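Asks: First, the structure itself, so that you have it in front of you.
The values are calculated or read from the model by the stated rules, or taken from the named source; none is laboratory data. Please read all numbers here as calculations on a predicted model, not as lab measurements. When we count neighbours, we look across all protein chains shown, and the Cβ atoms used for this are built from the backbone with ideal geometry, even at glycine. Ligands, DNA and RNA are excluded from the accessible area calculation, which covers all protein heavy atoms including side chains. Shrake-Rupley method; radii C 1.70, N 1.55, O 1.52, S 1.80 Å.
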Amino acid sequence: MPPTGDPLARRYRRLLLAYPSAYRRERGEEILGLLLDSAPAGRTRPTLREAADLVRAGLRCRLGRPASRTVGVWAVLTALICGLFTGALAARVAWETSRPQPDRAEFTAVFTEAFPGHRLGEDVSSARALFVIYGQPLSRASLRDLLFGDGGEYQEGVAGGSATGPMPTSEAQTLATAQQRLRAAGWQVYEPTSEVLQTCADPRCDPASQPVETVLVARRGDTVLRATFDDPRSFGSYLGVALQRAAPPAVLPAAVLAGLAGGALAWLVFAWASRRTEGRRRAPLLLGVTLFFWWVPVALATSSLARHHLDEPHPSWHPLWEWLGQPTLSLFFLIGLASALVLLLTALTPRRDPRPLTVRLG
């Protein structure tokens, strides 16, 4: 066996860390000796192919279940969803670095700047927290709403208000003036989008008679403006404006780093549990329940939000947890979490020897 200071042997040992510790104790020296005997003289580093093969084989060995062809897929799905959940949690924590949501004074100043000559109504609202549910900060009283169907109401707080009285200028002129004044004030103005609102279900209704909603979105610094032009006969006001903060810069790196760390940790835990529960029939069922209740909300939310983002500009994307269907479908998450905890408890339970010890007397 080569001395410990051999650089090639030292680097091979590092790669062998991909294998479980018990496997390394049993066969590590044998594998190392085979690798060193096969290496040409003078080599100081493993080849990329050798390194990739050792890591791949070691990670597969950690999963156990040598007869299974799908255990690697389940491990990846588990690590990916856990990484996403961890990243979403870190993103929410990083949101606390944001400035408070705009207050009434800031909103009034922006409205006056963008829409001169338009009268702002008295019902200007301001957010009581960065994130609110039904306009209120999250509290114990909100748990029922979060768990039983109203989790989608947990959103970023906004300062909002609407114009009152008759429209002093046409919608086209009001829109053009707002775009011009916002750009002059340093706002990045996005192309307005329009959508016909289907208020009549009868196919004989004239499409031209349906109200049209036009949305103007702009951003300056960490502040996002959203102005909505509606038919006052249907909505009571021809113009509604909302002001809120965009995601702070810390959100993306926090989500990425936490997601990678959470995914790696989840993979290691999965591998440990996979080896511990090999041969236990209820383990695959528990894993299936967990992944079903964790991945279904992701599929539903992602398809819906992707279409929404394509329909109109978003200077600040919806938070990561909304793409995971949370907290809208938080009950699904909790059912999956309960199933995962039962699976971990099963892995912690000592395995019974299926072959009882027999003792001969006499």
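Asks: For region 109-120, which positions are assigned to a helix (DSSP H, G or I) and of a type in the set (F, W, Y)?
Replies: F111
Asks: Further, regarding this structure: For T328, are the conditions met, namely being in a helix (DSSP H, G or I) and not aliphatic (A, V, I, L, M)? Spell out the reasoning first.
Replies: On the way: in a helix (DSSP H, G or I): no; not aliphatic (A, V, I, L, M): yes.
No; evaluated as a whole, the condition is false for this residue.
Asks: Of the numbered conditions (1) over 16 Å from the mean Cα position of the chain (by Cα); (2) surrounded by 14 or more Cβ atoms within 10 Å (Cβ to Cβ), V296 fails exactly one; give the number of that condition.
Replies: For V296, the exception is condition (1).
Asks: What are the residues in region 34-55 that are charged (D, E, K, R) and touching a helix residue (DSSP H, G or I) at 6+ places or on another chain (Cβ under 8 Å), if any?
Replies: Taking region 34-55 and keeping what is charged (D, E, K, R), we get 37, 43, 45, 49-50, 53.
Those that are charged (D, E, K, R) and touching a helix residue (DSSP H, G or I) at 6+ places or on another chain (Cβ under 8 Å): R43, R45, E50.
Asks: Within region 304-325, count every residue that is among the small types (G, A, S), in a helix (DSSP H, G or I) and open to solvent by less than 50 Å² (accessible area, probe 1.4 Å). Steps first, answer last, please.
Replies: Start the filter on region 304-325 by keeping residues that are among the small types (G, A, S), which leaves 304, 306, 316, 325.
Checking which are in a helix (DSSP H, G or I) leaves us with 304, 306.
Then keep just the ones that are open to solvent by less than 50 Å² (accessible area, probe 1.4 Å); that gives 306.
Residues meeting the conditions: 1.
Asks: Still on this structure, please answer the following. Report, by residue number, each residue of region 223-242 that is among the small types (G, A, S) and under 18 Å from L130 (Cα atoms).
Replies: A242, the sole residue that qualifies.
Asks: Only one of these is of a type outside the set (D, E) and open to solvent by 60 Å² or more (accessible area, probe 1.4 Å): R62, R11, R27. Name it.
Replies: Details: R62 fails: open to solvent by 60 Å² or more (accessible area, probe 1.4 Å); R11 fails: open to solvent by 60 Å² or more (accessible area, probe 1.4 Å).
On inspection, the qualifying residue turns out to be R27.
Asks: Let me ask you something else. Suppose we filter region 84-97 for residues that are within 9 Å of the chain's Cα centre (by Cα) and of a type outside the set (A, V, I, L, M, F, W, C); how many remain? Working first, answer last.
Replies: Filtering region 84-97 down to residues within 9 Å of the chain's Cα centre (by Cα) leaves 84-89, 91.
With the extra rule that they be of a type outside the set (A, V, I, L, M, F, W, C), the set shrinks to 86-87.
So the answer is 2.
Table: residues versus (1) among the hydroxyl-bearing types (S, T, Y); (2) open to solvent by less than 40 Å² (accessible area, probe 1.4 Å); (3) farther than 30 Å from R226 by Cβ.
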{"position": "A255", "(1), (2), (3)": "no, yes, no"}
{"position": "T277", "(1), (2), (3)": "yes, yes, yes"}
{"position": "S330", "(1), (2), (3)": "yes, yes, no"}
{"position": "S339", "(1), (2), (3)": "yes, yes, yes"}
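Asks: Follow-up question, since we're still on this one. Given V55, V93, V73, which one is open to solvent by 40 Å² or more (accessible area, probe 1.4 Å) and at pLDDT 95 or above?
Replies: On the way: V55 fails: at pLDDT 95 or above; V73 fails: at pLDDT 95 or above.
Of the residues listed, the single one that is open to solvent by 40 Å² or more (accessible area, probe 1.4 Å) and at pLDDT 95 or above is V93.
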